[in-house]
Every structure is written in C-alpha cells, then in structure tokens.
Amino acid sequence: MSLPKAELHLHIEGTLEPELAFELATRNGLTLPYANTEELREAYRFEDLQSFLNLYYELMAVLRTERDCEDLANEYLERAAAQGVRHAEIFFDPQAHTSRGLELGTVVEGLWRALGDSESRHGVSTRLIMCFLRDESAESALATLEAAKPYLDRITGVGLDSAEVGHPPAKFREVYETAAALGLRRVAHAGEEGPPEYITEALDVLGVERVDHGLRCVEDPELVERLVRERVPLTLCPLSNVRLRTVDTLADHPLPAMLDAGLMCTVHSDDPAYFGGYAGDNFDAVRGTLGLSEERLRELARNSFLASFLEDDEELRARYLAEVEAYEFR
Ligand SMILES: Nc1ncnc2[nH]cnc12
Ligand SMILES: [Zn+2]
C-alpha cells in the first residue's frame, strides 16, 4: 500500500534478502552453509524470537565493508520508497558487528553513505538509531555508547533489542541515563515476548518515548489505560508477530482491539527480509485480514509521523501529515 507512512521499527540487518546475502558472500570470499537462495529461504521457519535471532546473526556475517553496509541500506530504501515509506528511523546493532571484528565506524559510515543521500535519491528522509543487545552485558552497552561518541551527529537515538525474556529493561538504566545526557532519543523493545512489566520498566526506568512492539500490554488493563492516557506510541509489527509466533495467526492479532481501546499504534516491518513483507505489505495484511477501515489505516499512518523523531524538522512532518490526509485509497 502506497499510503504515505513512517517506518519506525526496522532493523537494517533484517532487510538482508537472500539474493544480496549470496552476492555479498561471493564478493567477500565467504561460503554460506546453504546451496542457494531457495534453500536459504527454507530456513525462514521460526519457532520463536531466539530461533530467528540465530539465523539473523549468522547471516549478517556477509557484511564486511562500508560498501556492503551502503548497498544493504540502499536496497532497503529503494524497496521502502516503493511502498509509500516517506521517512525511516532505522535500527542497527553495533555489537553484532564489532563482535565479528568490524569497526563501528565502518558500519556507521557505510550506512550513512546511503542514508545521507536518501532524500534526494529515494525521497525518504532518515534517522539512525543504535540498538544495544539486551542479552549482552550492561558494560558492553556502555562501551558501545562510548565508542559511538565520534558518530553522534549521525545517530538520533538508542534502542534495545535481541532476546528479551530474562533481560529486563532495568539492566540498562545507566546506559540510558548516559544516552539521555548526550541528547539521544530513547526507545526500547518491550512486551514482544517479555511480560507487560517490561513495558512499564522501559517507560519508568529507561524513559523511552516509544515502545517497540508493546504487544503484551493487552494483558494488563491498567497498563493499557496508562499508555492511552500518556499517548505512548507502540510500534507494532504484525507479520513479525505471526512469523515469531507471538500471535497464532494474523486474524488473531489484537491490533483492531488496541486501536479501539485508544492506544497510539503504528505498523511496521521489523525484519522484512525474514518475515515476508515491508511496511506497505504489513499495511496490506492488516487491511486484508483484519479488515481495518480506511480511516483506521489513515490513523496508523498519521500516528507514524506523529511518533517519529522529526522535532528538528516540523515543516517536513507537517508536509507528510498533509500527504496522509490527502491520500485517496484504491
Ligand atoms: N523482532 C526483534 N526482536 C528483538 N530483537 C530483534 N532484532 C531484530 N529483530 C528483532
Ligand atoms: Zn524489532
């Protein structure tokens, strides 16, 4: 669906399509343990978040150079633009690269080569958000933040991702305090597989401005009431939830009930190369399977721009919002 929208929950490493994975492997003299793209696609059957993460971390080993990171981001931005994405706030996982021997600068510079030209080349404005791996230590996260200091002119905010259960947000209190003092915006994954308490903790201890996923808030009516009252954006990823089995089927997704409850929901793609669709595909899926009305779809798109970190360019935000209101559904 080409309805103008902001992509706010997108891991750039999760946009690595099998074709590009093989191309980069060849370019870097690496051999993937899969015969071809079809065989690799066969591996995209996940039991849960961890089974996905295992493949996600394995496959990103093909990213070796600045140019690899640039190509990855350019391919993503081209696909996103074709699906109505006008603004993208893109996650990346520094520790998943530095732990394999890449310099943080290689990744940031490579991504930035694509992001820096994106408005003129793809018509997509961008921001970059560095995520800490929550299954690594708080010390490692702090060291990563320290290493990122030379690049903070390119990094808008910090996030928290990877295996959620057993790694509550409070583990990263100090690193988020430091990030806030550096003027960075704050988001965190919470309530994807983890309990509703993690959502509360992300808000109260980490001071996040958006909750990534936040799906499991529906288990706690008082938390829902708070999220509605405080208009906390929840960046939902319906196709991801189906593939990682946090919902049984798309038809069971609580998005319609969440919107009816007054929650500020947005819809995104998470790791589109792995989960069967980019931002527009997620909109198509919730329209088709959940039967969301045009006004609900417009609300989701409007919310995405309202929840975006465009405070430094309110004129651009206003232009995007006007595009949402003017959009004619087909
Ligand atoms: N859906 C997800 N949840 C947590 N960490 C991730 N890293 C990439 N995708 C993720
Ligand atoms: Zn995610």
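Below is a table of values for the structure above.
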read-out	value
Amide hydrogen neighbours beyond the local backbone of L160, cut-off 5 Å, H modeled	F132, A188, H189
Prolate/oblate/rounded call for the chain, Cα gyration tensor, a/c under 1.5 rounded	rounded
The range 206-282: relative contact order as a whole-number percent, Cα under 8 Å and 6+ apart	32 percent
Approximate spin-label separation A170-D117, in nm, with each point projected 7 Å along Cα-to-Cβ	4.8 nm
Linear extension gain, E177 paired with D204, 0.36 nm per residue minus alpha-carbon span	8.5 nm
Length added when fully stretched, E323-T249, from 0.36 nm per residue minus Cα-Cα	23.4 nm
A43-T289 pseudo-label distance in nm [points 7 Å out on the Cα-to-Cβ vector]	2.5 nm
Percentage relative contact order, the chain, counting C-alpha pairs under 8 Å, at least six apart	21 percent
Once exposed loop GluC sites (Glu not before Pro) are cut out (DSSP; at most 11 other Cβ, 10 Å), longest piece of the chain	48-229
DSSP-assigned coil residues among chymotrypsin sites (Phe, Trp or Tyr not before Pro) in the range 230-330, each with at most 16 further Cβ atoms within 10 Å	F329
Summed side-chain charge close to Y34 - residues other than Y34 whose Cβ falls under 13 Å, Lys, Arg +1, Asp, Glu -1	-4
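Computed from the coordinates by the stated procedures, all read-outs in this text should not be read as laboratory data. No experiment lies behind these values; they were computed from the predicted model shown. Every residue, glycine as well, gets a Cβ built from its backbone with ideal geometry; the counts of neighbours run over all protein chains shown.
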